[in-house]
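Structure, as structure tokens:
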Amino acid sequence: MKECIACGMPLIKPEDCAGGDLNAVSCIHCTNSDGKLKSCNEIFEGGVHFFIEATGSSKGDAEKLVRKNMCFLDHWKENPCECLGGEQATDEEYQAALEKL
Ligand SMILES: [Zn+2]
């Protein structure tokens, strides 16, 4: 299964893909209207909002969940950003959050 390089979201439907293109490497949420990937900070903040709304996490917990998710992706291993340098959720915390989605 293909996933967004920046957030790991499955790219199954054209409307989820950047530019509506199934060949895109990133999802619509991580991509600007010019087709370029958003900055790590923007994607990180978007993820934090997503987890707060979807799971009812506190901001601090949501930040740890997003770091856990993004640090797992090769794209951010190759392009590290300081916003990903803080504390990460444990495997148990991450799984518990995913079950609420
Ligand atoms: Zn994405």
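Matching residues to (1) more than 11 Å from the chain's Cα centre (by Cα); (2) free of Cβ contacts under 8 Å to residues at least 24 places away in the same chain; (3) not assigned by TED's automatic domain parsing to the domain that holds Ala97:
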{"position": "Ala18", "(1), (2), (3)": "yes, yes, yes"}
{"position": "Ile43", "(1), (2), (3)": "no, no, no"}
{"position": "Gly47", "(1), (2), (3)": "no, no, no"}
{"position": "Ser57", "(1), (2), (3)": "yes, no, no"}
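Is it the case that Ile43 is outside any loop (DSSP other than H, G, I, E, B) and closer than 15 Å to Gly8 by Cβ? The answer is yes for Ile43. Scanning the range 30-37 finds no residues that are part of a helix (DSSP H, G or I), more than 12 Å from the ligand (Cβ to nearest atom) and either at pLDDT 95 or above or aliphatic (A, V, I, L, M) (or both). Take Glu53 and decide whether it is surrounded by 14 or more Cβ atoms within 10 Å (Cβ to Cβ) and in a helix (DSSP H, G or I). Taking the combined requirement at face value, the residue does not satisfy it. If you filter the range 16-29 down to residues that are among the hydrophobic types (A, V, I, L, M, F, W, C) and near the ligand (Cβ under 9 Å from one of its atoms), you find that the one that is surrounded by the fewest Cβ atoms within 10 Å (Cβ to Cβ) is Ile28. Number of residues in the range 30-41 that are surrounded by 15 or more Cβ atoms within 10 Å (Cβ to Cβ) and without any contact (Cβ under 8 Å) to a residue 40 or more places away in the chain: the value is 4. Just a yes or no: is a residue in the range 4-15 surrounded by fewer than 20 Cβ atoms within 10 Å (Cβ to Cβ), free of Cβ contacts under 8 Å to residues at least 40 places away in the same chain and either among the β-branched types (Val, Ile, Thr) or away from the ligand (no atom under 15 Å from the Cβ) (or both)? Yes, the range 4-15 contains a residue that is surrounded by fewer than 20 Cβ atoms within 10 Å (Cβ to Cβ), free of Cβ contacts under 8 Å to residues at least 40 places away in the same chain and either among the β-branched types (Val, Ile, Thr) or away from the ligand (no atom under 15 Å from the Cβ) (or both).
So that you can scan it fast, the table gives a plain yes or no per residue for (1) in the same structural domain as Lys64 (by TED's automatic domain parsing); (2) in contact with a strand residue (DSSP E or B) (Cβ under 9 Å, 6 or more places away or on another chain); (3) closer than 27 Å to Glu82 by Cα:
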position	(1), (2), (3)
Glu3	no, yes, yes
Leu11	no, yes, yes
Glu15	no, no, no
Asn23	no, yes, no
Ser33	no, no, yes
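The values are calculated or read from the model by the stated rules, or taken from the named source; none is laboratory data. Source: prediction; values computed, not measured. Heads up, the Cβs are rebuilt from the backbone with ideal geometry, glycines too, and the neighbour counts pull from every protein chain shown.
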